[in-house]
Amino acid sequence: MTGVIEARTSVVLADGRELFYFDDEPGHDRTASDTRSLHRPAGGAELRYDRLTGEPVLVAAHRQTRTVSAAGGDCPLCPSRPGHPTEIPAGDYHVAVFENRFPSLGGPVGGRCEVVSFSSDHDRSFASLSDARWLTIGRAWADRTAALSAVPGVEQVFVFENRGAEVGATLSHPHGQIYAYPYLPPVQAAVLRTARAHRGCLLCSIVEEQVAGPLVVAETEGFVAFVPVAARWPYEVHIVPRGCVPYLTDLDDDDLAELMCLYGDVLRRFEDLFGDGETAYMACWHQPPLNQTDLAHFYVQVFTTRRSADRWKFLASSESGAGAFINDVRPEAAAERLRNVPKPEPR
Ligand SMILES: [Zn+2]
Ligand SMILES: [Zn+2]
């Protein structure tokens, strides 16, 4: 086995799935093997299309039996201990990426679902990790973006995190996921239509025309984090490169480090938005669809459905039925609140 001294190690799990370790620095032995006897669950997802809207729907009934809400003792993302093997064979790790055991994609449908564990520490959150770890996570996402973009049939590589039970996270261990869609999801299809009708780069125009002081939450030389003019969600931030950058793989290490620090800062503001450090959020990395040239600028979307300390936004008839969003918080007020989240003690 090679790769012991590299910062990236790949192993194969007992049921044949791939797992990749990404370390903050080289020199760690991550070659421990999976001691479980494990078989892939039967059944897979099915892709159907809604006749009324033309939109794709994945039917994934096998996911009903997946692991939910594991307590610390039997968490599948904690490192393996003697007598307690988990999804991650090593006794310690920095970042681990592996194929989802209960995937929504893959098999006859095509595409692939991966899980990204941000830390071996069950009780951390993304926002509380070090700058070095944020960069390792960014490198892992870029590595997987490159690999998944090369999978035949994949049309978009979508990196995301659901943090908190209120937004559907079934495990509390700090982790995200990557979906390599074998079709264009509806939001990207809509953005692509708008981009095609626009002369020049849509996201460059948005940054130039709509991102003014009252909407800006935080910024660096190369990136800006702002509340969109017509935000759908009570608190929503987009992080956009100031220059045209299509994919994570197009950033050099310095730019990636700068972006990941701004991203970590935005997530920290969301977590602390109501003073309890527990605001659930969703974070979505919208990389352009592959094999097209009309949309060549990625953006990151972070949002929460929490609209006050004790109230959550529910997607009721207007939103769920008509697709017509009503936002109870003025975007300029949301930006001010996010700007004013107190800075934490130095980590
Ligand atoms: Zn855990
Ligand atoms: Zn652009």
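Read the figures in this text as sums done on the coordinates, not as results from a lab. Nothing here was measured: the structure is a model prediction, and the numbers come from that model. Glycine also receives a Cβ, built like all others from the backbone with ideal geometry; neighbour counts cover every protein chain displayed.
Based on the Cβ-Cβ distance of A333 and E278, what FRET efficiency does E = 1/(1 + (r/R0)^6) give at R0 = 30 Å, to the nearest 0.05? Could you put the intermediate results ahead of the total?
Details: r = 21 Å, r/R0 = 0.72.
For A333 and E278, the calculated efficiency is 0.90.
Could you work out the relative contact order of the stretch 8-185? I mean the mean sequence separation of Cα pairs under 8 Å and 6+ apart, divided by the number of residues, in percent. Can you show the working numbers first?
On the way: 345 pairs, mean separation 38.2, N = 178.
Computed value for the stretch 8-185: 21 percent relative contact order.
Over all pairs of distinct alpha carbons, what does the Kirkwood formula give as the hydrodynamic radius of the stretch 187-339, in Å? List each step's numbers first, then the result.
On the way: mean 1/r = 0.0616 Å⁻¹.
16.2 Å is the Kirkwood radius here.
In the stretch 138-159, whose amide N lies under 13 Å from the spot 7 Å out along Cα-to-Cβ of S10? List them in ranges.
Output list for this probe position: 143-151.
What net charge is computed for the residues neighbouring R242, neighbours being all others with C-beta under 10 Å from the C-beta of R242, Lys and Arg scored +1, Asp and Glu -1? Write out the running numbers ahead of the final one.
Numbers: positive: none; negative: E208, E219, E221.
Residues close to R242 contribute a combined charge of -3.
Specify the angular offset, from 0 to 90 degrees and rounded to the nearest 10, of the alpha carbon long axis of helix 253-271 from the longest principal axis of the alpha carbons in the chain.
80 degrees
Would you please give the FRET efficiency between A316 and H39, computed as 1/(1 + (r/R0)^6) with r the Cβ-Cβ distance and R0 = 41 Å, to the nearest 0.05?
0.45
Identify unpaired cysteines across the chain, taking unpaired to mean no other cysteine Cβ lies under 4.7 Å from the residue's Cβ.
Taking the Cβ cut-off of 4.7 Å, the unpaired cysteines of the chain are C113, C244, C261, C284.
If you put +1 on each Lys and Arg Cβ and -1 on each Asp and Glu Cβ, how big is the dipole of the stretch 187-339 around its Cα centre, in Debye rounded to 20?
Details: 14 positive and 22 negative charges, 163 e Å.
The calculation lands at about 780 debye.
What spacing in nm lies between the two simple spin-label points modelled at F325 and Y49, each 7 Å away from Cα in the Cβ direction?
With each label point 7 Å from Cα toward Cβ, the separation is 2.6 nm.
Placing +1 at every Lys and Arg Cβ and -1 at every Asp and Glu Cβ, with all other atoms neutral, what dipole size does the chain have around its Cα centre, in debye to the nearest 20?
On the way: 33 positive and 46 negative charges, 229 e Å.
About 1100 debye.
Could you give the length gained by full extension between R242 and K343, i.e. 0.36 nm per residue of separation minus their alpha carbon distance, to one decimal place?
On the way: separation 101, 0.36 × 101 = 36.36 nm, distance 2.46 nm.
Full extension from R242 to K343 adds 33.9 nm.
Choose one answer from P228, P185, P241: the residue with the largest mean-square fluctuation in a GNM of the chain with alpha-carbon springs under 10 Å.
P185
Quick one: divide the alpha-carbon radius of gyration of the chain by 2.2 N^0.38 Å and tell me what you get. Show your work: numbers first, answer last.
Details: Rg = 20.1 Å, N = 347, 2.2 N^0.38 = 20.3 Å.
Relative to the 2.2 N^0.38 Å estimate, the chain comes out at 0.99.
Based on the mean of other Cβ atoms within 10 Å per residue, sort peptides 88-97, 122-131, 309-318 so the most packed one is first. Mind showing how you got there, number by number?
Working: 88-97: 21.8, 122-131: 17.2, 309-318: 11.0.
Packing order, densest peptide first, comes out as 88-97, 122-131, 309-318.
Which distance in nm do the two modelled labels at V151 and R199 give, with both placed 7 Å along the Cα-to-Cβ direction?
4.0 nm
In whole Å, what are the Cα extents of the stretch 284-327 along the three principal axes, biggest one first?
Sorted largest first, the three principal extents are 42, 25, 12 Å.
May I ask you to compute the full-extension gain from E166 to D74, defined as 0.36 nm times their residue separation minus their alpha-carbon distance, rounded to one decimal in nm? Can you show the working numbers first?
Details: separation 92, 0.36 × 92 = 33.12 nm, distance 2.14 nm.
Answer, rounded to one decimal: 31.0 nm.
Can you tell me the relative contact order of the chain? Whole percent, Cα pairs under 8 Å, sequence separation 6 or more. All intermediate terms of the calculation are to be shown ahead of the outcome.
Numbers: 692 pairs, mean separation 50.5, N = 347.
In percent, rounded to a whole number, it is 15.
For a paramagnetic label modelled at 7 Å from the Cα of N291 toward its Cβ, which residues of the stretch 98-127 fall within the zone defined by backbone nitrogen distances under 14 Å?
Under 14 Å, as judged by backbone N against the label point of N291, lie 110-111 of the stretch 98-127.
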